[in-house]
Each structure stands twice: as C-alpha cells, then as structure tokens.
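Working notes, beginning with the structure itself.
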Amino acid sequence: MKFVLMFLIGTIFLFDVSTGYTADVLDKKIVNDKKGFYVKGGIGITRLEDYNLNFENAVGKFNFAKEEYNKGFTLNGAIGKELKYGFAVELELNYQKSDADQYIIKEFEYKGLKQKVGDPKFDGDSSIQTFMVNGLYNLENSTQFTPYVGAGVGIAWIDIQTNGVATFGKLSDTNLAYQALAGIETELDENFSILTGYRYLYAGKVSLNDGVFLIGSGFAPGQITREVQSHSVEVALKYSF
C-alpha cells in the first residue's frame, strides 16, 4: 500500500509541474516523435519479500523460520530502441540492496521434538544484481503523459550475507529471473522525459547445504532454501536521441 501511495504522489507531482509547459510541448507525442535510441537511469525504493526458510533432509521438510528486511534502495540503467506502434526493447542493469531487520523462528516439530517460537539477534544484508532484456509497450494518448507496461527476462546474481541462528555466512547464487514493469512517462522537452514506475522482480530460489541447530537433538544437516522476490517504486530520467 505504501508503494502505491508513493507512486500516486509522484504522478500528481509530475502533473502539477507540467502545467507550466508550453502548448507546443503539450501537443507532442513521445511514441510518435521518437523512434530512435534512448538511454535512461533511475533510483528508487525497494521492498524485499521476507525469506521463508524451508529446511529439507531425509527426515522431513518444513518451514522453520523467516528473515525480514528493511526497505532498501535500487539503482538501474538501460539503453533501448523505440519501435513502431508504441513498442520498445531495451537492455537493462539493475542493483538492489536491503539490510536485515529481524529473524523469526517458527514453531515446528522435528523427530518428535517441538521447537518453540523465537526472535534471536539477526543482522546482515541481501543484494540482487540483474541483467535483463525488457519489452515495453507505450499506451498512446493525446497528452504528454504516456502510461507503459512491460516485462523482462534475464540473469540475477544474488548475494545474501547474514549473521543469525542457522543462517550464518555468505550465500551467493546465479538464477534465471523475470520482472514486470508499469508506470507513466512524462515528456519534458524534445529529448528528455521522466518515468515514474513500479517493478516486480522474481529472482528464483537460492539453496544452501547447511543445517539448523535444534534444542534436544543438536545440529541437523540439510538444505535451506529461500525464494527471492522484490517490489520497487522508481523514478528515472530518459534521454532520447
């Protein structure tokens, strides 16, 4: 809900600023005027979905804890090509990072022993770097505001550095990733425009052969799996040439 609110505030701000533009700028159409290349760069706020830690070995499989993260930041840059009928294609680099908030042990049963809920000390961070190929569609209209939607697929490099019960150490992995994009592009002049948008990123699952320490039964080796997803609200500056 906070991300949606931020998106609406940004859109209202851009609309207010636009009232000072000349009639010539208001009459222009981004998707009609620009069919060449462009570059863009942006920043934003990202929210990493909680990591639910799923443990599995020969004895059983269960969700034993979750890692919660604070809001983080995201940086991105892309080079693209405007095509006909409002379509565009681009190559994009994106970086996201979030600091750890808290680690919560859930109640579960293992070998007949019930593990109680806990909230031990936890710190660290989680970062995601992606290289994506995006396809975009600009929704044509008679104003300088051009809504867009898009999707992308590519590679994600994931680094998780934590210091908590059963999750100490650094975990790195490379996965196939995909994302969904939506927002509004606002034309400033013949070459520049501002984009205010939302991004959903799915970076796959990350697994580690480790284990958990269980009261009454000691260390239990097994595989711990996290699923990596994030939501971001971003603002970017675009230059068309």
Residue that is modelled with the lowest pLDDT, among those in segment 198-224 that are within 22 Å of I45 (Cα to Cα) and surrounded by fewer than 21 Cβ atoms within 10 Å (Cβ to Cβ): G204
Number of the exception - V59 against (1) among the β-branched types (V, I, T); (2) at pLDDT below 60; (3) surrounded by fewer than 17 Cβ atoms within 10 Å (Cβ to Cβ): (2)
Hits in segment 123-162 - residues which are in contact with a Lys or Arg (Cβ under 8 Å, 6 or more places away or on another chain) and free of Cβ contacts under 8 Å to residues at least 60 places away in the same chain: D125, S127, D159, Q161
Selected residue (only one of K97, K121, K81 is of a type in the set (K, R), at pLDDT 85 or above and surrounded by fewer than 14 Cβ atoms within 10 Å (Cβ to Cβ)): K81
Identity of the residue in segment 62-77, within 30 Å of Y137 (Cα to Cα) and buried (at least 20 other Cβ atoms within 10 Å of the Cβ), that ends up nearest to the chain's Cα centre (by Cα): T74
E227 at pLDDT below 95 and touching a Phe, Trp or Tyr at 6+ places or on another chain (Cβ under 9 Å): yes
Residue check, T143 modelled with pLDDT of 85 or more, hydroxyl-bearing (S, T, Y), part of a loop (DSSP other than H, G, I, E, B) and closer than 23 Å to Y198 by Cβ: yes
Number of the condition not met by L195 [criteria: (1) buried (at least 18 other Cβ atoms within 10 Å of the Cβ); (2) within 23 Å of the chain's Cα centre (by Cα); (3) modelled with pLDDT under 95]: (3)
Checking V31 against (1) assigned to a strand (DSSP E or B); (2) among the hydrophobic types (A, V, I, L, M, F, W, C); (3) modelled with pLDDT under 50, the condition it does not meet: (1)
Selection within segment 100-118 - modelled with pLDDT under 70 and in contact with a Gly (Cβ under 8 Å, 6 or more places away or on another chain): Y110, L113
Boolean, K40 is farther than 30 Å from D210 by Cβ and either of a type in the set (K, R) or modelled with pLDDT of 70 or more (or both): yes
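The values are calculated or read from the model by the stated rules, or taken from the named source; none is laboratory data. Keep in mind it's a predicted model, so treat the numbers as computed, not measured. Every residue, glycine among them, receives a Cβ derived from its backbone with ideal geometry; neighbour counts consider all protein chains shown.
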